[in-house]
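The values are calculated or read from the model by the stated rules, or taken from the named source; none is laboratory data. Please read these numbers as outputs of a predicted model, since none were measured by experiment. Cβ placement follows ideal geometry from the backbone for every residue including glycine, while neighbour counts extend to all protein chains displayed.
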């Protein structure tokens, strides 16, 4: 549990020294904010051995599953292993992340193929943990203080700006399974200079974490999957199977007489009538279809293709981080400061699905269709050639071959984020009209460049190698790893690296983000009223944001020589990807007032303290025009020990570069087709959905391919987008009883209603908008093309202000520090707790496509974290438990959708002990998931990899050593 520092603790720590609290520019002597506020201290990183800010924030119940981290599938060369947080489950693009109260440049890729939704999200991998002083998290309310993006809230990472000495740290971690190793080396050095008027702090951090595949853990290697049942009378629409296999795909080749799937009458068979496929050595062997399901795609067990070995469980990440903080007091009233940051963070997706050749995806002879193999192929064994020839029609001297090409490319892709940032300025104090004021002028520049790297198949060279490097195939104009053609053996897994080098190239997409911010502000006391001074803040900010995405030569594709003015052709199997670039600037003015109405020394009965506050910011965006964000609230203490606080806030989020400027791009996408038999009873009105599907000529038992196999479509940006707008309010209580010294407890109700949310109407939402419409056919139906069999073969999507989000919940924090001299002269025990009751979390597109998120994995109705810490001079101990309540497979599905209930509640427990040798050396022993608790069944079927990763990883050990000079 985070080392929470709330009001009473802050008062004790601060004394008379005023600080600026996140969510306000007015200096205060206590954390008397009107919004729910949580402060995470540096102790959390030490007690848990966290090496990433995202790890710490993910322990808080109010944070949903991150939109991106190192766990699960990744975006390959477009962004792997990056860390983007998700406050209140509203999306990472709606959480504003600051460093030292100032904006930080984004590392999100400005492409629809990026790791997360479009926005200016900050990659937390680029923040050094050793330099963190505290993290202040404010729910809603901060938008008028900092501007766009703070719809869910604001996370302010505050770094140490004063340190004198040297601190060195080394940490090593390893799973009980003997893998997933982690290393960290870090150094922190600081020095006072100028007779104490200045201080310089420098930090360096190196961190490397090992990766895992699904096959590396028992729970993920089981291949659990929900498939359509084989029995039409089965009472549930989805049946849990184990060892999911895809018998229509073969890793080593499935030969066929006709262009179809195995089991459909065109198989080559042995004397016993068994379907024959190639094995690793290129010999024909019987195919075990496994236990069939209600779909030709899935089976339980057998010899079909398994996705387990090609699924990424955790990406390895390697980071180099450097930071410099300098401040100097030029005069007694003027100070200069400088912040410099450098980060180099590389994440790698270890495996992803291969390129396929199969009748499932296209006609034979096309890039994705089955291969057409002549009988005289030199790699075909005499025995196999004889058997195949004997079963071919007399006039046919070729056969078809489907295969999953795992031996051509491994599916590995990496991305390296390199980030530079510098911020500097002047701040000072002045006296005017016998009143004190503080002023600040600061400039902030950041640039982040993400360079991708992945091996990709080049279709021209693949065809040439398949044809034995003869004149019947021509090499692609793009450079491959090797220019020397080596014939490709399509049977089994017998190709050398030289074959792969000729067939593949290295794709190198590049994403660049730049940010300029200049801010000038003044704060102080405006006037005095009966209860004290009326404090104010006033300021101006100019911001420039630009983003550029260059897909590189491979992903961009080539001009079609047969149609130079038509669409480009791909070098490989993916659609050509367009570059994206654009930018905008804002001019913003802001102001804030804090008005005391009743002060404690007034001795008003039943009113110990009463104050109101408000803030507003006008944002003039060069593309979306002017908009106003504002907040108003207050705090009321009927008695000293009890406070009541609340606020109402209007916040905004400006469209991101991708949403505005993305050109019409080709995509391949999956979707839960509402007319599929598995989903026809879902949606806001199942009867209406079924009627619309029937009106479109689709039967009730229809099985849609787009559910399991990608379908082609397009997606386009929209320069006519407007700002998202959210109306939010909170009300809560803060209890700091004087009769229980050291106890602080707060509980706040939070409601966020977001309208005009920008969404890319993906294929599923477009389908739902069509078939859930009250009036059919709806305009969305025009975006969907179906073939004669009813299968979706093309779909058009794009960005629109068409969605709304709603969050309602209770968040509560508790911190109780108890002096325990009876078990150690200077010892303390600290009890901490954090809880969220999630009452509502939903997204609605238009008026019909409703998605309920509450109850999904990571969004349980109840979640909590609790910890106990014992501290003494030379020894300390820490235990933390994280409770995740029961979840559902799909909160939007009917009761008969799945035959297994969702994950049950679970508690993961971590512990650590600390040993000090005076103030010079500290040793920590840390165990995560100390009881080796498993992820609840049936994870990973139905999702939950990120939420329950501790249970999938298993028991994990860390040792950390720190020395100080």
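Tell me yes or no: at least one residue of segment 430-446 is over 36 Å from the mean Cα position of the chain (by Cα), within 30 Å of residue 515 (Cα to Cα) and buried (at least 19 other Cβ atoms within 10 Å of the Cβ). Scanning segment 430-446, I find at least one residue that is over 36 Å from the mean Cα position of the chain (by Cα), within 30 Å of residue 515 (Cα to Cα) and buried (at least 19 other Cβ atoms within 10 Å of the Cβ), so the answer is yes.
Across segment 154-180, the number of residues qualifying as touching a residue at least 12 places away in the same chain (Cβ under 8 Å) and either exposed (fewer than 15 other Cβ atoms within 10 Å of the Cβ) or under 21 Å from residue 959 (Cβ atoms) (or both) comes to 17.
With the structure loaded, tell me whether residue 285 is free of Cβ contacts under 8 Å to residues at least 24 places away in the same chain and either within 23 Å of residue 53 (Cα to Cα) or touching a strand residue (DSSP E or B) at 6+ places or on another chain (Cβ under 7 Å) (or both) or whether it fails that test. It is true that residue 285 is free of Cβ contacts under 8 Å to residues at least 24 places away in the same chain and either within 23 Å of residue 53 (Cα to Cα) or touching a strand residue (DSSP E or B) at 6+ places or on another chain (Cβ under 7 Å) (or both). Residue pairs whose Cβ atoms lie under 6 Å apart, sitting 6 or more positions apart in sequence or on different chains, and linking a residue in segment 719-744 that is on the phi > 0 side of the Ramachandran plot and in contact (Cβ under 8 Å) with a residue 40 or more places away in the chain to a partner that is assigned to a strand (DSSP E or B) and surrounded by fewer than 18 Cβ atoms within 10 Å (Cβ to Cβ), are 742/816; 742/818. Looking at segment 264-285 only, could you name the residues that are surrounded by fewer than 15 Cβ atoms within 10 Å (Cβ to Cβ) and under 30 Å from residue 220 (Cα atoms)? Correct list: 280, 281. Count of segment 253-282 residues, restricted to those that are touching a strand residue (DSSP E or B) at 6+ places or on another chain (Cβ under 7 Å) and modelled with pLDDT under 95, is 2. Listed conditions (1) without any contact (Cβ under 8 Å) to a residue 24 or more places away in the chain; (2) assigned to a loop (DSSP other than H, G, I, E, B); (3) within 24 Å of residue 287 (Cα to Cα) are all met by residue 354, apart from (1).
Taking the options 910, 950, name whichever one is buried (at least 16 other Cβ atoms within 10 Å of the Cβ), over 23 Å from the mean Cα position of the chain (by Cα), within 22 Å of residue 70 (Cα to Cα) and in contact (Cβ under 8 Å) with a residue 12 or more places away in the chain. Full working, then the answer.
Working: 950 fails: over 23 Å from the mean Cα position of the chain (by Cα).
Answer to the check: 910.
Out of (1) modelled with pLDDT of 95 or more; (2) out of contact with any helix residue (DSSP H, G or I) (no Cβ under 8 Å at 6 or more places or on another chain); (3) closer than 25 Å to residue 893 by Cα; (4) surrounded by fewer than 22 Cβ atoms within 10 Å (Cβ to Cβ), the odd one out for residue 295 is which? Result: residue 295 passes all but (1).
Selection of segment 203-260 for residues being part of a loop (DSSP other than H, G, I, E, B) and in contact with a helix residue (DSSP H, G or I) (Cβ under 6 Å, 6 or more places away or on another chain) yields 217, 223.
Conditions tested, residue by residue: (1) out of contact with any helix residue (DSSP H, G or I) (no Cβ under 7 Å at 6 or more places or on another chain); (2) at pLDDT below 95; (3) surrounded by fewer than 21 Cβ atoms within 10 Å (Cβ to Cβ).
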position	(1), (2), (3)
507	no, no, no
511	yes, no, no
517	yes, no, no
520	yes, no, yes
532	yes, yes, yes
546	yes, no, yes
559	yes, yes, yes
564	yes, yes, yes
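Of the residues contained in segment 784-807, one or more are found to be under 30 Å from residue 40 (Cα atoms), under 22 Å from the mean Cα position of the chain (by Cα) and in contact (Cβ under 8 Å) with a residue 60 or more places away in the chain. I want to confirm something. Restricting to segment 765-808 and keeping residues that are in a helix (DSSP H, G or I) and at pLDDT 90 or above, which single residue is farthest from residue 680 (Cα to Cα)? Top of the filtered list is 767. Any chance segment 381-395 includes a residue that's in contact with a helix residue (DSSP H, G or I) (Cβ under 8 Å, 6 or more places away or on another chain) and either part of a loop (DSSP other than H, G, I, E, B) or surrounded by 19 or more Cβ atoms within 10 Å (Cβ to Cβ) (or both)? Within segment 381-395, not a single residue is in contact with a helix residue (DSSP H, G or I) (Cβ under 8 Å, 6 or more places away or on another chain) and either part of a loop (DSSP other than H, G, I, E, B) or surrounded by 19 or more Cβ atoms within 10 Å (Cβ to Cβ) (or both). Just to be sure, is residue 647 over 30 Å from residue 294 (Cα atoms) and either buried (at least 18 other Cβ atoms within 10 Å of the Cβ) or touching a strand residue (DSSP E or B) at 6+ places or on another chain (Cβ under 7 Å) (or both)? Yes. Taken over segment 179-190, the criterion of being over 20 Å from residue 342 (Cβ atoms) and not in a loop (DSSP other than H, G, I, E, B) is satisfied by 182 alone.
Filtering segment 617-635 to residues that are surrounded by fewer than 18 Cβ atoms within 10 Å (Cβ to Cβ) and either within 30 Å of residue 740 (Cβ to Cβ) or in contact with a helix residue (DSSP H, G or I) (Cβ under 7 Å, 6 or more places away or on another chain) (or both) leaves 630, 634.
Selection of strands (runs of 3 or more DSSP E) fully inside segment 609-723 by the criterion of at least 1 residues being at pLDDT 95 or above returns 609-621, 625-639, 642-653. Filtering segment 442-483 to residues that are assigned to a strand (DSSP E or B) and either closer than 20 Å to residue 379 by Cβ or free of Cβ contacts under 8 Å to residues at least 40 places away in the same chain (or both) leaves only 457.
For segment 515-536, the count of residues that are under 30 Å from residue 413 (Cβ atoms) and either in a strand (DSSP E or B) or in contact with a strand residue (DSSP E or B) (Cβ under 8 Å, 6 or more places away or on another chain) (or both) is at least one.
Within segment 895-911, the set of residues being in a loop (DSSP other than H, G, I, E, B), in contact with a strand residue (DSSP E or B) (Cβ under 8 Å, 6 or more places away or on another chain) and within 15 Å of residue 882 (Cα to Cα) comprises just one member, 905.
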